[in-house]
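Structure record follows, encoded as C-alpha cells.
Please treat every number below as a calculation from the coordinates, not as lab data. These numbers were taken from a predicted model, which means no experiment stands behind them. We place every Cβ from the backbone using ideal geometry, glycine too, and count neighbours over all the protein chains shown.
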C-alpha cells in the first residue's frame, strides 16, 4: 500500500519517504460507564496522557501547562521507546468537542502518526473509539514490515492495553470487565 497523504511531512526527504511508506491502522474500542462529557473532558486534558501511559515509556509533557486544546495546538513531550529517549511533537488538527479530536505527529518516531479519538454515548455510558493511521520510518526497506509486525505492533498493543486498565483505575471502575473492547491492526 502506498502513502498518498503527506501527513507530518515538512521537508523533501520526509515527502519522499511518505510516497513509498506502508500505512497501517490501529482501531481500538472501549466502553466506559461514564457520561460522554466526563470521558471527553479527561482526554481533553493533555496532562492526563501521562496517567494512562506505561511508566517505562517515561512520558513527560514539555509544553507549558495548561495546554488549550484547539485546532493548531502544539504539544511537545519526551518519551522512551525501547529504551531510546526522544522528543515527540503533536499538533491538534481536528477539534469537535465532545465528540472527537485528532492529533498528528509533527516530529517523532513514526513516518506518519494520525490519531483520532472519538466519543459516543452508548448504553448509558460512553464508547471510546481510537483510530490511528501510522507508518514506520523506512517502511519501504526490506524487512521493515517485520519490524512493524514484531516490534512496533506489540508495543502499541501493550500501550493500549495498559491505557484500558489505567482508565478503569483512574475512574474507579471496579465492576467493569477490562477484557471488553477490541484492538484491531490492519
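Annotations for the structure displayed:
- Ordered by the number of other Cβ atoms lying within 10 Å of each residue's own Cβ, fewest first, 24, 163 fall into the sequence 163, 24.
- Axis of helix 153-170 versus longest Cα principal axis of the chain: the two differ by about 20°, to the nearest ten degrees.
- Using the average count of surrounding beta-carbon atoms within 10 Å as a protection proxy, the listed peptides 149-156, 104-111 rank, highest first, as 104-111, 149-156.
- Calculated from the alpha-carbon coordinates, segment 23-185 shows an Rg and a Dmax of 15.6, 48 Å respectively.
- Extension gain, residue 174-residue 37: 0.36 nm per intervening residue step, less the Cα-Cα distance, totals 47.3 nm.
- Residue-span extension gain [residue 166 to residue 149] - 0.36 nm each, minus C-alpha spacing: 3.6 nm
- Among 67, 52, 92, the largest mean-square fluctuation in a Gaussian network model of the chain, built with springs joining Cα atoms closer than 10 Å, belongs to 67.
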